[in-house]
Amino acid sequence: MEFTLTYDGPLAANGRPSQKHDIRLALHPQLKELWEHKPLVQFYEFGIPNISTVGGYNFASIVHPRLNFRAKLDILMLRPEPPGQIVISKGDIDNRLKTLFDALTRPIFIQDIPPAWTPSAGEDPLHCLLEDDGLITSVTVNTDRLLAAQSPTHVKLVIRVQVQNLSTFGGMVAFS
């Protein structure tokens, strides 16, 4: 299964839990809609969505070890800097990517959820891409300049996701 997620907003290096959660909230509507279409809708029909509970809050992950799913990510990052300089730059892209990976993952600990957050209507469960960021098998990152950025940490991301099913034979088989 392949799909594209988009994000337009701040992406800080070494983001705080509240910043990561804001990204989760921004991606939630896209991920929730995916659960309404084939092939994911069949898991709801069989009553086995990938729900995890943290601090009394429910999170649904698409890429989950229970179903032997893994993810490949191809990311286009538009940012208010010249292309390149992925590791050494004032934008600190490597730490921005760590913030993004954490935001794509459901919270692990209660400290990962802002204390004042209460799910809005339609956010129970809150839909996340990953159960664990260790389920990412490969990442490709391309950068380009974001013109008219709102702040130095503002980005526009186009995240192409390929979900794969780890076969019982140890190889990767595309999930369809």
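How many residues does the stretch 91-128 contain that are surrounded by fewer than 19 Cβ atoms within 10 Å (Cβ to Cβ), touching a residue at least 40 places away in the same chain (Cβ under 8 Å) and assigned to a loop (DSSP other than H, G, I, E, B)?
9
For the stretch 134-152, how many residues are in contact with a Lys or Arg (Cβ under 9 Å, 6 or more places away or on another chain) and within 16 Å of PHE101 (Cα to Cα)?
Result for the stretch 134-152: 6.
Read-outs: derived from the displayed coordinates by stated rules, not from any lab. Here the structure is a predicted model, which means the values were calculated and not measured. FYI the Cβ positions are ideal-geometry reconstructions off the backbone, even for glycines, and counts take in every protein chain you see.
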